[in-house]
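What follows is a short report on a single structure.
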Amino acid sequence: MINQYEHHRTSITITPKCKRRLKAALLILRRNGREYSESELLRQLAMLYLQSWRGSKLKSATARRYNITIKNLKYVRVSWYIDKVLYSILWERGVHSGMSVSRMLEFALKRYMPRLMEDILRNPIKGNATSKRNAAYWQKRYEQRARPKPKIVITYAAKTHRNSIIRLKFRLYYRIWLFSDFLDGKIPPGWAILF
């Protein structure tokens, strides 16, 4: 059974431009009184990616891997500590969309980083003058967005059918809920909450 509190140590490869974007976002957050690690920011981008992008490609045989070789230093490697449940959901999305997890996160860094920054920084931190001063700016940017995304919760359940020396067979079910549905108590009993 996959435990959400266990972390998976992996890495992704992104372009140097996306790496600079990630570092700049961390710096902006730090200036506004918020301490985030690269792994936490990537985790939030991964969740936003799962919520926002549905994909249009056919199912591939397996998720593609781009981390084995880095040709001509086109990509830089970033270490990533992620909980096992979210990683398995991303891996399944990779199988069904024909993309690697690295390319998914690179896409999220390019497309969804402004939305994530607006969502985080529009709420001021009590006692932080810079955060209070900038919150109105980030709130205005958030409101100008054509379709702001609603808050979500992901629930999951796993069932092992066979676990022996030669074969492991299990199923992982997950569902994305609107936060408003979650508050109405519609989560099935026996399911766990990812975030």
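Values quoted throughout were computed directly from the atomic coordinates according to the rules given, and no laboratory measurement underlies them. Because the structure is a prediction, the values reported are computed rather than measured. Neighbour counts run over all protein chains shown; Cβ positions are idealised from the backbone, glycine included.
Could you give the size of the charge dipole of region 83-179 about its Cα centre, using +1 on the Cβ of each K and R and -1 on the Cβ of each D and E, expressed in debye and rounded to the nearest 20?
In total the dipole reaches around 160 debye.
In which sequence would L105, L42, L27 go, from the one with the fewest C-beta neighbours within 10 Å to the one with the most?
L27, L42, L105
Add +1 for every Lys or Arg and -1 for every Asp or Glu among the other residues with Cβ under 15 Å from the Cβ of K140, and state the total.
Residues near K140 contribute +3 overall.
What number comes out for the charge environment of R30, summing +1 per Lys or Arg and -1 per Asp or Glu over other residues with Cβ under 14 Å away?
0
Which entries in the list K84/K151; K84/K132; K84/K159 go over 25 Å, if you measure between the two C-alpha atoms of each?
K84/K132
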